[in-house]
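What follows is one structure encoded as structure tokens, with my remarks underneath.
The values are calculated or read from the model by the stated rules, or taken from the named source; none is laboratory data. Nothing here was measured: the structure is a model prediction, and the numbers come from that model. Here the Cβ positions follow ideal geometry from the backbone for every residue, glycine too, while neighbour counts run over all protein chains shown. Protein only, heavy atoms only, side chains kept; ligands, DNA and RNA dropped before computing areas. Shrake-Rupley method; radii C 1.70, N 1.55, O 1.52, S 1.80 Å.
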Amino acid sequence: MPKLTLTIDGIAIEVEPGRTVLQACEQLGIEIPRFCYHDKLSIAGNCRMCLVEVSPGPQKPQASCALPVADGMVVKTDSPMVREARRGVMELLLINHPLDCPICDQGGECDLQDQAMAYGGNSSRYHEEKRAVADKYLGPLIKTHMTRCIQCTRCIRFMTEIAGVPELGAVFRGEHMEITTYVGKSLESELSGNLVDLCPVGALTSRPYAFTARPWELRKTESVDVLDAIGSAIRIDSRGKKVMRILPRVNEDINEEWISDKTRHACDGLLIRRLDTPYLRQEGKLKPVTWTEALTAIANQLKALKPEKIAAIAGDMADCESMIALKDLMGSLGVVNIDCRQDGAALDTAVPAAYRFNSTIAGVDIADIILLIGTNPRREAAVLNARLRKRWLSGHVEIAIIGTPVDLTYPAQFLGDGPETLIELIEERHPFSKKLKRAKRPMLILGQGPLTRIDGISILSFSRKLAENANMIQEGWNGFNILHTAAARVGGLMLGFVPGHGGYGVTAILDQASRGAIDCVYLLNADEVNMSTLDRTFVIYQGHHGDAGAKRANVILPGAAYTEKNALYVNTEGRVQSTKLAVFPPGQAREDWKIVRALSERMGRPLPYDTLADVRARLVAIDSAFAAVGVTPAPAAWGVFGEATSFTDSPLRTRTDNFYRTDPISRASRQMAECAEIQAELESIKQDRILSQEREND
Amino acid sequence: MNKIKMSVQSVPFFFTADNLKQAEDVIRRYPPGKQAAATMPLLDLAQRQAGWLPRTAMDYVAKLLRVPLIRVYEVATFYTMYRLHPIGRYHVKICTNLSCWLCGSEKIVKTCRDVLGVNIGETTLDEQFTIEEIECAGACVNAPIVQIGDDYFEDLDSDSMQKILEALKRGEQPKAGSQSGRQCSCPAGGPTTLQSSGPESSGPVKGGT
């Protein structure tokens, strides 16, 4: 379509048809004040702050957010009429807004405050009584102060459109209008924290962060999240030694501008149950020791053992630098029992396409069939689920699910629950096959649940065959996607942190350890393995939290959490991203790769890198992708992987972890504990309701 | 967690068989996928059945129409004619807007208060009457008026108001419409136009002219 030409403040500009005047102004870098307009939400046009003067047209200001551009339009954004109109709107908004900025948590980062300064008058003419609204309960993460609400309805639109949990609404009318759930229940969404960012005033603020800091006191560090495998862009706001809060950054390729509640609010766990000094188990009890004592104890233990008696497991939050250092150290000892798949997932390392989200997350936007296999993205990658919902809303897409039917916030056709359904689809015996055949860009998303089954390797193979048969592998499009839940996993697989020739995988390591055939296990951030199998083993635990691993450990090496180090993580797409140091590790804790490096020194086998740059160079030598931090990964070559062996036709279950408690940080977080408790309560209410309904039906 | 208060709001609600049939007829008036359009008539039906709209009734309507609960709450709270709290069996709505006020609605309000012993917005102890002020009922020509249930009682004065209330108290159904005896909204003192016969006919002109 031809572009339209219009003039804004005397500057001619070409704009695509269908855009609004506000967007056209943004293209020119002209700031239009707004409250209700948000470019990811539908247009409401109810705050009237974005008024501009437009000709031809009636001689009155028009709301630019809801006005489509037209050819030959002349727009004035700073005429006397516009200025007066905006001042009037601002005066109207401030009539019922309390003048409580000094005690408001939004102060300093408040749209209303800023815009009142820029566009408002200098004093109030209103002497009557102001409106007061009772505060609402929206869950443990959102603090409300509804008298401050200017009724922009961004929160309602976010919950309805993006989160897909239509629980917020505007009840009553006119001056009595209130934003509420009406029933006073906690919002059942994993994305509810985003409401706080969206609220342009101090009506919805963060409950955990309430009254703890002012924005100008905080040091802002741009980093990435590692609590799931999506790698959302985040900003860490810290003061002194403490991470005060975590906010999303815009990254259109990954999280757009949303983050999940876990990403945002698990940060209080960074100060709880931290390992801040090395420990050594002496006479059955963990005692604090110096680094030298701890490393010597490990070195003595490892030197005394044959390589086949030693094993290393990298957990879900291990960074690439520490994994390569540990791999190299184990390699120099001749240890082949190493594995980064602590959940025992049957992931193939030979073909990179076999363990990546090949379509890329942004690729969801152009897929026309999305097949979810044994995964619940709402729990495993809440931000990705919002993307899937966005795709569903834009239409012309079929979403289907094999496994457990769950409420994903969008309808998904249930095809079947077991591997048999996969085979039916491969052999085109399933009614859904016709649709798959017609699709231009079909994709499948395989979760970790099916891969951790005993027959995981078969499921992987069936999924590959299905991808091939259903035309998911095309020139320029790869619809085969693995959805990881661990931030460390793809990095570990890229580095080959998997059993060497004749080595044991996680399941076998634990099995051998329980039988006494393996005497020493090095757990790098690994907390989710069955610790009871390690009763007879000398356990070295390196990590940042006193979780399951530290409880069982013989030696504890305190490491750094993701907010305390510059470290590389690879997200589920294969995108290499770097976390940034926002605060220093507590006490004696150190960056993880340095700990392994120090241990290698103590063992007399120093690793050949002394600086972070050297380690990064080592990473690049293994895979050149590590040189390109933050960019969309190049498509991985397709190949044959998986192995169709025997399988059982039992339902493909999704992972059953509690969304709020998946890793040592969120398990330590009091905030997440509260969320989990409330979620359990809501679930039980729902169960009760279902039961009572069944009783009635009987 | 904020526990939802168990109260009258949680009385169980289901449509009676007749009303369910009626509800299905209403839903059928709208195209498939647009059942949400039936929200208002169904809320009205529920209110007629229960006398007011408990939350369970709103939940029931939402479930029937497969719309999110909050969307029904929004509608029900927006319109003042949906009653969100229990009210008396007879809901006496007294128009006190300009025309009625000029014609003596203050006296009507006073009569209601005296006869029923409750103030505006209150319900009698026997839960029979609730009196309420409303804005223009759209029947200015017969001012002052009072709406009770679906019926308009027009051309009221203190006496006729009292009679209506007494009749309702006895369980009778007073005659709706003008209480002064005039027909519909004809001029109060009899016809004022078209009284003389025209040059060619002996009576008032009939038909549409």
Is it true that some residue in the range A:377-387 is touching a strand residue (DSSP E or B) at 6+ places or on another chain (Cβ under 6 Å), crowded, with 20+ Cβ neighbours inside 10 Å and at negative phi? no
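Conditions (1) modelled with pLDDT under 95; (2) open to solvent by 30 Å² or more (accessible area, probe 1.4 Å); (3) in contact with a Cys (Cβ under 8 Å, 6 or more places away or on another chain); (4) not aromatic (Phe, Trp, Tyr), marked per residue:
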{"site": "A:Lys303", "(1), (2), (3), (4)": "yes, yes, no, yes"}
{"site": "A:Ile310", "(1), (2), (3), (4)": "no, no, yes, yes"}
{"site": "A:Ile324", "(1), (2), (3), (4)": "no, no, no, yes"}
{"site": "A:Gly331", "(1), (2), (3), (4)": "no, yes, no, yes"}
{"site": "A:Ile338", "(1), (2), (3), (4)": "no, no, no, yes"}
Of everything in the range A:47-76, what is within 13 Å of A:Leu22 (Cβ to Cβ), open to solvent by 40 Å² or more (accessible area, probe 1.4 Å) and aliphatic (A, V, I, L, M)? Give them in sequence order. A:Ala66
Applying the selection to the range A:134-193, what residues are more than 8 Å from chain B (Cβ to nearest Cβ), touching a Phe, Trp or Tyr at 6+ places or on another chain (Cβ under 7 Å) and in a loop (DSSP other than H, G, I, E, B)? A:Ile150, A:Cys152, A:Gly164, A:Glu190, A:Leu191
Would you confirm whether or not the range A:418-429 contains a residue that is among the polar types (S, T, N, Q) and in a loop (DSSP other than H, G, I, E, B)? no
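Considering the range B:160-190 alone, what residues qualify as being assigned to a loop (DSSP other than H, G, I, E, B), of a type in the set (Gly, Ala, Ser) and over 15 Å from B:Phe129 (Cα atoms)? Break it down stepwise before answering.
Restricting attention to the range B:160-190, the residues satisfying the condition of being assigned to a loop (DSSP other than H, G, I, E, B) are B:170-176, B:179-190.
Next, only the ones that are of a type in the set (Gly, Ala, Ser) stay: B:171, B:176, B:180-181, B:185, B:188-190.
Those that are assigned to a loop (DSSP other than H, G, I, E, B), of a type in the set (Gly, Ala, Ser) and over 15 Å from B:Phe129 (Cα atoms): B:Ala176, B:Ser180, B:Gly181, B:Ser185, B:Ala188, B:Gly189, B:Gly190.
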Within the range A:1-89, strands (runs of 3 or more DSSP E) holding 2 or more residues that are closer than 30 Å to A:Tyr126 by Cα: A:51-55
Answer yes or no: is there a residue in the range A:498-506 that is in a helix (DSSP H, G or I) and either in contact (Cβ under 8 Å) with a residue 60 or more places away in the chain or open to solvent by 10 Å² or more (accessible area, probe 1.4 Å) (or both). yes
Residue among A:Ile457, A:Ile426 that is in contact with a Phe, Trp or Tyr (Cβ under 7 Å, 6 or more places away or on another chain), aliphatic (A, V, I, L, M) and surrounded by fewer than 24 Cβ atoms within 10 Å (Cβ to Cβ): A:Ile426
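Listed here are the residues, each with its yes/no results for (1) outside the structural domain of B:Lys110 (by TED's automatic domain parsing); (2) out of contact with any Lys or Arg (no Cβ under 7 Å at 6 or more places or on another chain); (3) assigned to a helix (DSSP H, G or I).
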site: B:Gln9; (1), (2), (3): yes, no, yes
site: B:Phe15; (1), (2), (3): yes, yes, no
site: B:Ile27; (1), (2), (3): yes, yes, yes
site: B:Gly33; (1), (2), (3): yes, yes, no
site: B:Leu43; (1), (2), (3): yes, yes, yes
site: B:Gln47; (1), (2), (3): yes, no, yes
site: B:Met58; (1), (2), (3): yes, yes, yes
When every residue in the range B:62-89 that is hydroxyl-bearing (Ser, Thr, Tyr) and surrounded by fewer than 20 Cβ atoms within 10 Å (Cβ to Cβ) is compared, the one farthest from the other protein chains (Cβ to nearest Cβ) is B:Tyr82
Enumeration of residues in the range A:273-301 that are touching a residue at least 12 places away in the same chain (Cβ under 8 Å), open to solvent by 50 Å² or more (accessible area, probe 1.4 Å), polar (S, T, N, Q) and not in a helix (DSSP H, G or I): A:Thr290
Pick out the one residue from B:Leu102, B:Leu165, B:Leu125 that is at pLDDT 95 or above, surrounded by fewer than 17 Cβ atoms within 10 Å (Cβ to Cβ) and hydrophobic (A, V, I, L, M, F, W, C). B:Leu102
Out of A:Tyr126, A:Tyr137, I need the residue that is in contact with a strand residue (DSSP E or B) (Cβ under 8 Å, 6 or more places away or on another chain), among the aromatic types (Phe, Trp, Tyr) and open to solvent by 20 Å² or more (accessible area, probe 1.4 Å). Which one? A:Tyr137
Looking at this structure, is B:Thr39 within 14 Å of chain A (Cβ to nearest Cβ), assigned to a helix (DSSP H, G or I) and crowded, with 19+ Cβ neighbours inside 10 Å? yes
For the range A:494-503, state whether one or more residues are closer than 28 Å to A:Ile622 by Cα, in contact with a helix residue (DSSP H, G or I) (Cβ under 6 Å, 6 or more places away or on another chain) and of a type outside the set (D, E, K, R). yes
If we keep only residues of the range A:652-698 that are over 27 Å from A:Gly269 (Cβ atoms) and more than 14 Å from chain B (Cβ to nearest Cβ), then the residue most open to solvent (accessible area, probe 1.4 Å) is A:Asp698
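Could you please find all residues in the range A:518-529 being assigned to a loop (DSSP other than H, G, I, E, B) and either of a type outside the set (D, E, K, R) or closer than 22 Å to A:Ala486 by Cα (or both)?
A:Ile518, A:Asn525, A:Ala526, A:Asp527, A:Glu528, A:Val529 - these are the residues of the range A:518-529 that are assigned to a loop (DSSP other than H, G, I, E, B) and either of a type outside the set (D, E, K, R) or closer than 22 Å to A:Ala486 by Cα (or both).
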Within the range A:9-20, take every residue that is touching a residue at least 12 places away in the same chain (Cβ under 8 Å) and under 14 Å from A:Pro68 (Cα atoms) and give me the one that is surrounded by the fewest Cβ atoms within 10 Å (Cβ to Cβ). A:Gly18
